[in-house]
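The values are calculated or read from the model by the stated rules, or taken from the named source; none is laboratory data. Just so it is clear, the model here is predicted, and its values are computed rather than measured. When we count neighbours, we look across all protein chains shown, and the Cβ atoms used for this are built from the backbone with ideal geometry, even at glycine.
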Amino acid sequence: MLPRLIFVLLVALNIAVAAWLLFGGGGHFIGDVADEGVPRLKLVAETQPATPAVPASAAAPLPVSPMASAPIPASITSSPSRVPGKLVVATASTTTRPPIGQQTPAPAGVLPPPIEPPQRRTFRCVALGPFASDVDSRAARSALGGLVIRSRTRQETASVSHGWRVFLPPMDSREKANDMARRLQAKNVKDYFVVPAGPEPNSIALGVFNAQENARKRRDEVVALGFPARMAERVETTPSYWLDVVVGDDAKVNWQARARAPKIQARPTGCFQ
């Protein structure tokens, strides 16, 4: 009984809604959406005038690149040349050309002036010395300062002569050396000395002379008495210190005064890197 009653109510409700929609007229709205006295809203496109088309002939010119009027720098070249005692380097050219837009064309039949080649500066290398010690060579290097372009210190081994010596060659034993000394004394030969040790032990020294002629005279006197006397130069190996410098070929320097070493020499030498 209850389901049948619910079904009848639903049917009656649907019929009532359909009648209201057909005969009630509630779906129409009469009047303006805006209130009276309030201006209407407009789009931006409605307020701006249309932009006329611009002809192609009236277009703005394209901007000119700043590179077209920039000056063209001259090329910089460097070509060192190794020559014994000389060093040649090409310096940079500082010629400036006018901008391309401001260059004046040459008249007809007139050739443009030739481009000047880069100037070349030559250098020379000098060896200063010998110095007594490495400390002296380094002190001279500091004294020269910025006068030189490059410098270096180096050490050499030099052989120095300390005169001439006259002697009898070494004997086989000390007894033979003493016996030879007694024979010299018997011949009235003085100023001799039996060498007990060293590089030539059991030899007999007959004197040391600064002049070669005096040493030769002493040797001849002893040989004339029947003894095998000999003479030899006294050479000692000592280190020497030098300072090599590179300066401009046009530089005129009093090396002894500038290096504060009045006894040094200045001679040309091979250049170095």
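Applying a threshold of 6 Å to beta carbon distances and a minimum spacing of six or more residues, or different chains, the list of pairs starting in the range 210-223 at a residue that is in contact (Cβ under 8 Å) with a residue 40 or more places away in the chain and ending at one that is surrounded by 13 or more Cβ atoms within 10 Å (Cβ to Cβ) and of a type outside the set (A, V, I, L, M, F, W, C) reads Asn210/Gly163; Arg218/Gly207. Does Phe131 satisfy the condition of being outside the structural domain of Val253 (by TED's automatic domain parsing) and either surrounded by 14 or more Cβ atoms within 10 Å (Cβ to Cβ) or within 24 Å of Gly270 (Cβ to Cβ) (or both)? Taking the combined requirement at face value, the residue does not satisfy it.
Scanning the range 165-207 for residues that are in contact with a helix residue (DSSP H, G or I) (Cβ under 8 Å, 6 or more places away or on another chain) and part of a strand (DSSP E or B), we see that the one that is farthest from Arg234 (Cα to Cα) is Val194.
Within the range 258-273, the residues that satisfy the criterion of being crowded, with 17+ Cβ neighbours inside 10 Å and under 12 Å from Ala143 (Cβ atoms) are Ala259, Ala261, Ile264.
If only residues of the range 144-164 that are under 22 Å from the mean Cα position of the chain (by Cα) and among the hydrophobic types (A, V, I, L, M, F, W, C) are counted, the one that is nearest to Ala232 (Cα to Cα) is Leu144. Among the conditions (1) modelled with pLDDT under 90; (2) not assigned by TED's automatic domain parsing to the domain that holds Ser151, the only one that Asp250 does not satisfy is (2). Tallying residues that are farther than 13 Å from Arg121 by Cα and of a type in the set (Val, Ile, Thr) within the range 243-258 yields 2. Of the residues making up the range 150-183, those that are loosely packed, with under 14 Cβ neighbours inside 10 Å, in contact (Cβ under 8 Å) with a residue 40 or more places away in the chain and of a type outside the set (S, T, N, Q) number 7.
With respect to being on the phi < 0 side of the Ramachandran plot, polar (S, T, N, Q) and under 60 Å from the mean Cα position of the chain (by Cα), Gln185 falls outside the description.
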